[in-house]
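Chemist: Quick one: this structure, given as structure tokens, is what I'll be asking you about.
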Amino acid sequence: MSHQAALGERLAEQGISRRAFLKFCTALASMMALPPGTATAFAEALVKAMRPSVIWLSFQECTGCTESLTRSDSPALEHLIFDMISLDYHHTLQAASGYGAEKSREDAMKSFFGKYLLLVDGSIPMKEGGAYSTIAGRTNLDLLQEAAKGAAAIIAVGTCASFGGIPNAKPNPTGAVPVSDIIRNKPVINLSGCPPIPVVITGVLAHYLTFGGFPELDSLGRPKSFYGETIHDRCYRRPFFDQGKFARTFDDEGARNGWCLFELGCKGPTTHNACATTKWNGGTSFPIESGHGCLGCSEPNFWDAGSFYSALSMPASPLKLTADAAIAGAAIGVAVSVANRIKKRAAKSAHETATIADLEK
Ligand code: SF4
Ligand code: SF4
Ligand code: F3S
């Protein structure tokens with residue numbers, strides 16, 4: 001498929017129907033809390049969009065970020081990322097190796113200078129002149145700086161690239177740093193998570209292709225549409241938190257009843273990510289639904305932030321209630337939870353109504 005082909009041609013080749021594609025756009029628009037009716041605009045713009053060249057560099061990483069994307073079992077959503085872009089270099093996924101692989105990267109940088117997107121997973125080691133991680137004899141720092149020059153924008157995929165992640169954890173033997181510590185003259189969009197949710201990557205790319213830019217970012221460079229709320233804000237166990245009902249061990253009555261995991265170390269109240277709404281594996285589940293607290297994997301320094309199994313010490317605030325105060329606040333908390341869910345359902349239903357009406361035109 002040439003770079004000149006629009007996404008629509010690619011979808012047609014694969015036999016993806018307009019209806020299925022519209023459904024995908026509806027789901028994305030809903031997840032990104034875009035106004036009703038946007039799904040159709042999304043679909044129309046995406047079908048015509050030219051697929052941008054993408055160079056994906058992998059540095060100090062575990063391949064989990066790439067695995068997350070490629071092993072997802074929801075082809076309708078996550079796999080569309082590979083139709084939206086022309087992936088010109090990704091050293092784990094490409095067939096080429098050695099000289100041929102490096103030539104693909106160089107060719108893409110030259111042919112699409114100023115236009116390609118640079119995706120990076122993994123942190124960059126700075127100690128010993130960058131000797132801890134090299135590709136084709138060149139340091140990660142060197143490769144990043146070179147590829148960043150011609151990039152239209154840079155997307156840091158995963159917590160390692162966004163905030164340093166596990167390589168940057170104490171004592172940080174390689175001097176690992178995130179992309180944004182090195183590249184300061186270009187937009188860097190952080191899609192944190194260890195690994196990040198696949199549909200977050202797809203959603204951000206869809207937004208770029210549709211609107212020619214990225215969604216609004218938070219103070220840590222993450223799209224607010226996916227990282228604007230905490231896990232705790234949208235957690236289905238939240239009514240138990242508000243009622244002061246906590247599991248104290250992983251096999252007590254509270255755990256069996258599905259009560260809140262706060263006392264078992266859940267970091268949901270301080271973690272911004274979309275796991276509680278998008279979930280994982282095609283919307284099957286997320287860590288808390290599987291019975292384990294959130295580790296806070298999309299936040300800076302999550303590995304060094306204390307035991308995964310110690311309860312957060314929460315300063316007084318309306319959300320950060322102690323167990324006793326939570327009981328008193330139960331009625332308010334439940335009402336807020338219900339109101340939020342009704343708002344979310346109404347937004348989703350508005351998207352669906354607009355889309356189905358458009359289909360019937
Ligand atoms: Fe691996 Fe997590 Fe780093 Fe991704 S963010 S490369 S999954 S350690
Ligand atoms: Fe959910 Fe964790 Fe918040 Fe409890 S503390 S409601 S388990 S996010
Ligand atoms: Fe990570 Fe917490 Fe989600 S550990 S995967 S942000 S529930």
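Chemist: State whether one or more residues within the stretch 250-258 are acidic (D, E) and touching a residue at least 40 places away in the same chain (Cβ under 8 Å). I'd like the intermediate steps shown before the answer.
Modeler: Residues of the stretch 250-258 that are acidic (D, E), as a first pass: 251-253.
Imposing the further condition that a residue be touching a residue at least 40 places away in the same chain (Cβ under 8 Å) reduces the set to none.
No, every residue in the stretch 250-258 fails to be acidic (D, E) and touching a residue at least 40 places away in the same chain (Cβ under 8 Å).
Chemist: Within the stretch 300-317, is even one residue under 15 Å from E229 (Cβ atoms) and either of a type in the set (A, V, I, L, M, F, W, C) or at pLDDT 50 or above (or both)?
Modeler: Residues of the stretch 300-317 under 15 Å from E229 (Cβ atoms): none.
Within the stretch 300-317 (the criterion being under 15 Å from E229 (Cβ atoms) and either of a type in the set (A, V, I, L, M, F, W, C) or at pLDDT 50 or above (or both)), the answer is no, since none of the residues qualifies.
Chemist: Quick check on L191: is it in contact with a strand residue (DSSP E or B) (Cβ under 6 Å, 6 or more places away or on another chain), more than 23 Å from T230 (Cα to Cα), modelled with pLDDT of 95 or more and assigned by TED's automatic domain parsing to the domain that holds V54?
Modeler: Numbers: in contact with a strand residue (DSSP E or B) (Cβ under 6 Å, 6 or more places away or on another chain): yes; more than 23 Å from T230 (Cα to Cα): no; modelled with pLDDT of 95 or more: yes; assigned by TED's automatic domain parsing to the domain that holds V54: yes.
Criteria not met by L191.
Chemist: Residues that are touching a strand residue (DSSP E or B) at 6+ places or on another chain (Cβ under 6 Å): which helices (runs of 4 or more DSSP H) entirely in the stretch 209-318 hold 2 or more of them? Working first, answer last.
Modeler: Details: elements: 224-227, 231-234, 238-242, 253-256, 275-278.
In the stretch 209-318, 238-242 are the helices (runs of 4 or more DSSP H) which contain 2 or more residues that are touching a strand residue (DSSP E or B) at 6+ places or on another chain (Cβ under 6 Å).
Chemist: Taking only pairs six or more apart or across chains, which ones have beta-carbon atoms under 7 Å, a first residue in the stretch 269-282 that is under 11 Å from C235 (Cβ atoms) and open to solvent by less than 20 Å² (accessible area, probe 1.4 Å), and a second residue that is assigned to a loop (DSSP other than H, G, I, E, B) and among the acidic types (D, E)?
Modeler: T271/E299
Chemist: Take P173 and decide whether it is assigned to a loop (DSSP other than H, G, I, E, B), in contact (Cβ under 8 Å) with a residue 12 or more places away in the chain, more than 16 Å from ligand 3 (Cβ to nearest atom) and not acidic (D, E). Steps first, answer last, please.
Modeler: Values: assigned to a loop (DSSP other than H, G, I, E, B): yes; in contact (Cβ under 8 Å) with a residue 12 or more places away in the chain: yes; more than 16 Å from ligand 3 (Cβ to nearest atom): yes; not acidic (D, E): yes.
Against the criterion (assigned to a loop (DSSP other than H, G, I, E, B), in contact (Cβ under 8 Å) with a residue 12 or more places away in the chain, more than 16 Å from ligand 3 (Cβ to nearest atom) and not acidic (D, E)), P173 qualifies.
Chemist: For the stretch 266-277, how many residues are more than 9 Å from ligand 2 (Cβ to nearest atom) and at pLDDT 95 or above? Give the derivation first.
Modeler: Step one: of the stretch 266-277, the residues more than 9 Å from ligand 2 (Cβ to nearest atom) are 270, 272-275, 277.
Retained after the next criterion (residues that are at pLDDT 95 or above): 270, 272-275.
Summing the residues that are more than 9 Å from ligand 2 (Cβ to nearest atom) and at pLDDT 95 or above in the stretch 266-277 gives 5.
Chemist: Continuing with the same structure: Name the single residue that is farthest from ligand 3 (Cβ to nearest atom) among those in the stretch 103-157 being of a type in the set (F, W, Y) and open to solvent by 10 Å² or more (accessible area, probe 1.4 Å). Spell out how you get there, then give the answer.
Modeler: First, the residues of the stretch 103-157 that are of a type in the set (F, W, Y): 112-113, 116, 132.
From what is left, the residues that are open to solvent by 10 Å² or more (accessible area, probe 1.4 Å) are 112-113, 132.
Details: F112: 33, F113: 36, Y132: 26 Å.
For the stretch 103-157, the residue satisfying everything is F113.
Chemist: Something else about it: Going by what's in this entry, would E216 be described as without any contact (Cβ under 8 Å) to a residue 60 or more places away in the chain, of a type outside the set (A, V, I, L, M, F, W, C), open to solvent by 20 Å² or more (accessible area, probe 1.4 Å) and more than 30 Å from F113 (Cα to Cα)? Steps first, answer last, please.
Modeler: Numbers: without any contact (Cβ under 8 Å) to a residue 60 or more places away in the chain: yes; of a type outside the set (A, V, I, L, M, F, W, C): yes; open to solvent by 20 Å² or more (accessible area, probe 1.4 Å): yes; more than 30 Å from F113 (Cα to Cα): no.
Considered against the rule, which asks whether it is without any contact (Cβ under 8 Å) to a residue 60 or more places away in the chain, of a type outside the set (A, V, I, L, M, F, W, C), open to solvent by 20 Å² or more (accessible area, probe 1.4 Å) and more than 30 Å from F113 (Cα to Cα), E216 comes out as no.
Chemist: Could we say that P195 is surrounded by 20 or more Cβ atoms within 10 Å (Cβ to Cβ) and either farther than 29 Å from S310 by Cα or within 16 Å of ligand 3 (Cβ to nearest atom) (or both) here? Even if it seems obvious, please write down each step before you answer.
Modeler: On the way: surrounded by 20 or more Cβ atoms within 10 Å (Cβ to Cβ): yes; either farther than 29 Å from S310 by Cα or within 16 Å of ligand 3 (Cβ to nearest atom) (or both): yes.
So P195 fits the description; yes.
Chemist: Okay, next question. May I ask you to say which residue of R222, R256 is modelled with pLDDT of 95 or more and surrounded by fewer than 23 Cβ atoms within 10 Å (Cβ to Cβ)?
Modeler: Of R222, R256, the one residue that is modelled with pLDDT of 95 or more and surrounded by fewer than 23 Cβ atoms within 10 Å (Cβ to Cβ) is R256.
Chemist: Any residue at all in the stretch 43-52 that's open to solvent by less than 20 Å² (accessible area, probe 1.4 Å) and out of contact with any Lys or Arg (no Cβ under 9 Å at 6 or more places or on another chain)?
Modeler: Yes: the stretch 43-52 contains one or more residues that are open to solvent by less than 20 Å² (accessible area, probe 1.4 Å) and out of contact with any Lys or Arg (no Cβ under 9 Å at 6 or more places or on another chain).
The values are calculated or read from the model by the stated rules, or taken from the named source; none is laboratory data. In this text the structure is predicted, and so the values were computed from the model without any measurement. Virtual Cβ from ideal backbone geometry, glycine too; neighbours counted across all protein chains shown. These area figures cover heavy atoms from the full protein model, side chains too; ligands, DNA and RNA do not enter into them. Shrake-Rupley method; radii C 1.70, N 1.55, O 1.52, S 1.80 Å.
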